[in-house]
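Only one structure is covered here, and it is reproduced in the block below.
The values are calculated or read from the model by the stated rules, or taken from the named source; none is laboratory data. Note that this is a predicted model, so its numbers are computed, not measured. Positions of Cβ are generated from backbone atoms using ideal geometry, with glycine treated the same way; all protein chains shown enter the neighbour counts. With ligands, DNA and RNA removed, areas are computed over all heavy atoms of the protein, side chains included. Shrake-Rupley method; radii C 1.70, N 1.55, O 1.52, S 1.80 Å.
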Amino acid sequence: DVVETQEHYKSRWRSIWIMYLTMFLSSVGFSIVIMSVWPYLQKIDPTADASFLGWIIASYSIGQMVASPLFGLWSNYRPRREPLVVSTAIAVAANCLYAYVHVPHSHNKYYMLTARALVGFGAGNVAVVRSYIAGATSLTERTSAMANTSACQAIGFILGPVFQTCFTLIGEEGITWKLVNLQLNMYTAPVLFGALLGVINIILIFAIFREHRVDDMGRQCKSINFEGEENGALDQDAEGNVDHVAVVAINVLFFVILFVFAVFETIATPLTMDMYSWTRKEAVFYNGIILSVVGVESVIVFMVVKTLSKKTGERAILHGGLLIVLVGFFILLPWGKKLPNIQWQEIKNNSIPRTTSTEMLMPFWSLQAMQLPSNHTVEPVGCPVTQSWCLNTPMIYLAQYISSDILIGLGYPVCNVMSYTLYSKILGPKPQGVYMGWLTASGSGARILGPVFVSQIYTHLGPRWAFSLICGIVVVSLLLLEIVYKRLIAFSVRYGRMQE
């Protein structure tokens, strides 16, 4: 057995910290423009409607879903520095493209769509990040490292909108650098800042990142990813087959976890506008505060779960997290007798639009936008009459909504970390790039389908159907977890090389 030297230990953890930074930057790349995409899109291309906005938001996840397995496969056979640098460079170039989408004379919305899809493609490197961390940590270090990775991702999602808010001080006009035809304003400054962070990340990958690999017990071992003289075959502990039933089960569970969270994020604004008669501005402001608090709660949970998992094990915590998410959505079911306020002014003005077959496919924000007649100067508030369920479905009280937010903010990060941790332990010493790519892709697919699910079920059938179906999906996932519970064990434990 090769005992790890202090120098090797420090170098290994410096590289892991670079991976934390990469994860943070990939999530910042998504969230730093999320609040300004719609006004910027309206400014550069008046032909773009709210339905196209949905495609622009989804394009990030589509790009990540396509790229994750590809970068994962690349990292299995070549030094990980290569896919890390290339993916980050793609994200930097895509951010620069986003800053110039105002320049063409037509089709500007398609340039923005391309830019966001490429940023998502670059973010496919999270599969490389997680596979590296899985291979560079022992079983005892794994949960803590995965929790730190998820915490960095969560902090990136929280700080992205904060950076965006700071850049609003520049204003819509900003300044123009005529030499390179660059407008530096509140819409372009955030992505240019993201590009700068990406360049710094590339420099740090070259300067500090080194390939390291340890086995489940923490012993230093060789890997196909090492460069130069250290290159060698995998160690004997890699012998044995991965339990693919357990692998598929974790992929399904992870899809469900991200699906229900995407629904939770997407439903926040329309639900509160319908139930509490909030204006668009109030809904964005109050939900922004709530989601920020949930984000901070998630980071705290990531830190606590590292200690808790040592006492109870990852499977039990995953089970508990899913139960908390189930309770969170169950609380959202309408129980009372009081109905939400209705936008009666639409009836008075006889301006209720008929819903055509084409409009049935439109997201809920498009339908809500249609309800405002062109001669209206005051924004209508309350539950729109185009949603027929508003007339007979009880309202969801604010206390229900806040309680649900707290519970989902507690259950989601628990499930997220435990899924990644169990997955990496099940795979063991096998190259994990492609496997992590598929897990990331399943999460990206969930983030695409979640908003589509909400836009159809919630708009046409109402919250009772939407949240009942979510509860049903979580119950099925809990049954799946019970079925495969005994199979969700570490590779080394499965082959008797370590005690659980």
When residues of the range 430-464 are filtered for being farther than 23 Å from VAL474 by Cα and either outside the structural domain of PRO384 (by the TED database) or open to solvent by 20 Å² or more (accessible area, probe 1.4 Å) (or both), how many remain?
4
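Give me a count of the residues in the range 157-198 that are farther than 20 Å from SER292 by Cβ and either hydroxyl-bearing (Ser, Thr, Tyr) or over 29 Å from the mean Cα position of the chain (by Cα) (or both). Steps first, please.
Of the range 157-198, the ones farther than 20 Å from SER292 by Cβ are 170-185, 187-189, 191-192, 195-198.
Going one step further and asking which of them are either hydroxyl-bearing (Ser, Thr, Tyr) or over 29 Å from the mean Cα position of the chain (by Cα) (or both), we end up with 173-183, 187-188.
Counting residues in the range 157-198 that are farther than 20 Å from SER292 by Cβ and either hydroxyl-bearing (Ser, Thr, Tyr) or over 29 Å from the mean Cα position of the chain (by Cα) (or both) gives 13.
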What do you reckon, is ALA151 in a helix (DSSP H, G or I) and open to solvent by 10 Å² or more (accessible area, probe 1.4 Å)?
no
Identify, by number, the condition in (1) open to solvent by less than 40 Å² (accessible area, probe 1.4 Å); (2) under 24 Å from the mean Cα position of the chain (by Cα); (3) among the charged types (D, E, K, R) that ASP243 doesn't meet.
(2)
So TYR187 passes all but one of these: (1) part of a helix (DSSP H, G or I); (2) touching a Ser or Thr at 6+ places or on another chain (Cβ under 9 Å); (3) of a type outside the set (Val, Ile, Thr). Which condition number does it fail?
(1)
Consider ASP216 carefully, then state whether it is in contact with a Cys (Cβ under 7 Å, 6 or more places away or on another chain) and either at pLDDT below 85 or open to solvent by less than 10 Å² (accessible area, probe 1.4 Å) (or both).
no
Subset of the range 389-402 (residues that are in a helix (DSSP H, G or I) and open to solvent by less than 50 Å² (accessible area, probe 1.4 Å))
TRP389, CYS390, GLN400, TYR401
Testing TRP55 on (1) open to solvent by less than 10 Å² (accessible area, probe 1.4 Å); (2) within 24 Å of LEU449 (Cα to Cα); (3) of a type in the set (Phe, Trp, Tyr), one condition comes back false. Which one is that?
(1)
SER31 fails exactly one of (1) over 20 Å from LEU159 (Cβ atoms); (2) surrounded by fewer than 22 Cβ atoms within 10 Å (Cβ to Cβ); (3) not β-branched (Val, Ile, Thr), namely (1)
